[in-house]
Amino acid sequence: MKLSRLTLLLGMLLSISGCSMIPEYFRPAAPVPETYPGQAASDAVTEAPPLTWQSYFPDADLQKLIQVGLEHNRDLKTAVLRMDEAKATYGIQKADRLPTVQGNLAYDRSRTVFSSSQAFEAELFRVGVGISDYEVDIFGRVKSLSQAALEQYLAVTENRQAIQATLVTEIATQYVNLLTIHAQLKLALQTLEDRKQTLQRTQRRFEAGLDQILDVKAAQIQVEQVQAQYAQWQRQLETTKNALYLLLGEPAQRTVFTVKPLQALQLGTAPTGLPSTLLTRRADIRAAEHQLKAANANIGAARAAFYPRLQLTTNVGLVNSEFSKLFSDTGSNYWAFSPQLVIPIFNYGRNKANLNLAEARQHIEVANYEKTIQTAFREVMDVLSTRTAIADESASRTRLSDLESSRLQLVKRKLDQGLVTYLELLDAQRSVLDAQSQALQIRQLALQNQAGLYKALGGN
């Protein structure tokens, strides 16, 4: 057979390969309501506008920290390397769909003895190219495996996006915590100075015989309590910084935190849209769907295993008894064409078990996909359902703090006039500190809630 005929035959075999036994894919229905509870369908946003971290977190100092984290965070770097790993795996699997052409250079020397007085020696040089054990993918087994590897790679890519959205949210949350602790420290320091002045005033009044020793002890207790709170906030400040350093992925000495009043930090807002927009917004949902498609493709490979496999081995080259004449006109050429049909006979049970396994895993991925959607829906609802309550509580806490401050000033004036006792002053001071501290905490919770909405809606 001539080389052209061999090439033509190989082309024909490649052209008939590629039949697919992958089941037709249907996206499972989202197991969540069509609108969020409390949201009218007319108020919902049907289109999901771009949601970038630059627009959602407009604060310049916070943006600098996020940028550092995106460049140096080790979890994100690992996710990128996982993408390279999955891409290489897909490349290996995809290469199996094409023949592997290899060159070969061989030397054979043999001796055949016919009798004690007669022997025959021969040597042979051979050079050529060939294809060994190439599976002509008639029933799409190799194609199905390649499709599964592609979906796995796409899932890893989406996981990287999900990790980035989580990282951005965690950096913003820790920055909110940092500013809150600084505000609590400032409040504790101001209160401590006020309590120390009260203690000195009480001691002078005690020495003058106007107050009792019990009043002095009560004032000392108030000072120690605030000092303990200040030390507690100092401890939390260090642990919060360490958590932020870890997220940023940079050494502590290279990171500079800009401290500002908590009220000066503003975060963006985003329309919540419809639950269906989460399917395109959230990377974890897209990753779960790619995993489902990969499991679907593996079913096609398991089905194809029931059918015969056509394997092809072929070689074309030159042969001669002398190496110097191998490439000359006197050299001889050779070819070999060895198709092999592998028919499954006694492995039906194994193939059936593999198909059952692939189908079971596909059902598992359906459940995982639906659970991912439900989790995403719950995260959005957690943010939305508490947002109004947090805003109402924040307004109440602010008013309460103002009222407690006014009450303290009134008690101080009445104490100078001898109209109230010293214990009433201590109670007013304690109430002011608690009210102001709780107002900071509810402001912190509101900002954390806003940052959490970015991740719940899928990030960018």
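Numerical summary
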item: Accessible surface of the range 139-293 [probe 1.4 Å, protein heavy atoms]: carbon and sulfur percent; result: 53
item: Length-normalised contact order of the chain in % [C-alpha pairs under 8 Å, at least 6 apart]; result: 26
item: Burial ranking of peptide ranges 169-182, 268-281 (average Cβ count within 10 Å, highest at the top); result: 169-182, 268-281
item: Packing rank of 258-264, 352-358, 438-444, 125-131, where each peptide gets the mean count of other beta carbons within 10 Å, highest leading; result: 438-444, 125-131, 352-358, 258-264
item: Accessible area in square angstrom per residue, the chain, 1.4 angstrom probe; result: 56
item: Largest-first principal axis extents of the Cα set of the range 362-460 (Å); result: 80, 22, 17
item: The range 320-369 versus the range 163-218: alpha-carbon centroid distance in Å; result: 75
item: Relative contact order computed over the range 120-228 (Cα-Cα under 8 Å; 6+ residues apart), in percent; result: 19
item: Interatomic Cα distance distribution for the range 26-181, bins of 10 angstrom, percent; result: 8, 17, 19, 19, 12, 9, 6, 5, 3, 2, 0
item: Rg/Rh ratio calculated on Cα atoms of the chain (Kirkwood radius); result: 1.28
item: Inverse mean reciprocal Cα-Cα distance (Kirkwood Rh) of the range 282-360, Å; result: 17.0
item: Residue 92/residue 235 FRET efficiency (R0 51 Å; Cβ-Cβ; nearest 0.05); result: 0.50
item: Point-charge dipole on Cβ atoms (K/R +1, D/E -1) for the range 233-321, about Cα centre, debye to 20; result: 100
item: Whole-angstrom gap from the range 60-99 to the range 114-150, using each part's C-alpha centre; result: 38
item: Compactness relative to 2.2 N^0.38 Å, alpha carbon Rg of the range 129-197; result: 2.67
item: Dipole magnitude (debye, nearest 20) for the range 78-218, charges at Cβ of Lys, Arg, Asp, Glu; result: 600
item: At R0 = 41 Å, FRET efficiency that the Cβ-Cβ distance of residue 106 and residue 84 yields, to 0.05; result: 0.65
item: Size of charge dipole - the chain - debye, nearest 20, with Cβ of Lys, Arg +1 and Asp, Glu -1, no other charges; result: 260
item: Listed residue (226, 270, 208) projecting farthest to the positive dipole end of the range 204-316, Cβ model; result: 270
item: Bins of 5 Å from zero: percent of alpha-carbon pairs in the range 235-311; result: 3, 9, 9, 10, 9, 9, 12, 11, 7, 5, 5, 4, 3, 2, 1
item: Cα-derived Rg to Rh of the range 80-153, Kirkwood definition; result: 1.37
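The values are calculated or read from the model by the stated rules, or taken from the named source; none is laboratory data. Note that this is a predicted model, so its numbers are computed, not measured. Here Cβ is always computed from backbone atoms with ideal geometry, including for glycine, and neighbour counts include all displayed protein chains. The area values use the complete protein model at the heavy-atom level, side chains included, leaving out ligands, DNA and RNA. Shrake-Rupley method; radii C 1.70, N 1.55, O 1.52, S 1.80 Å.
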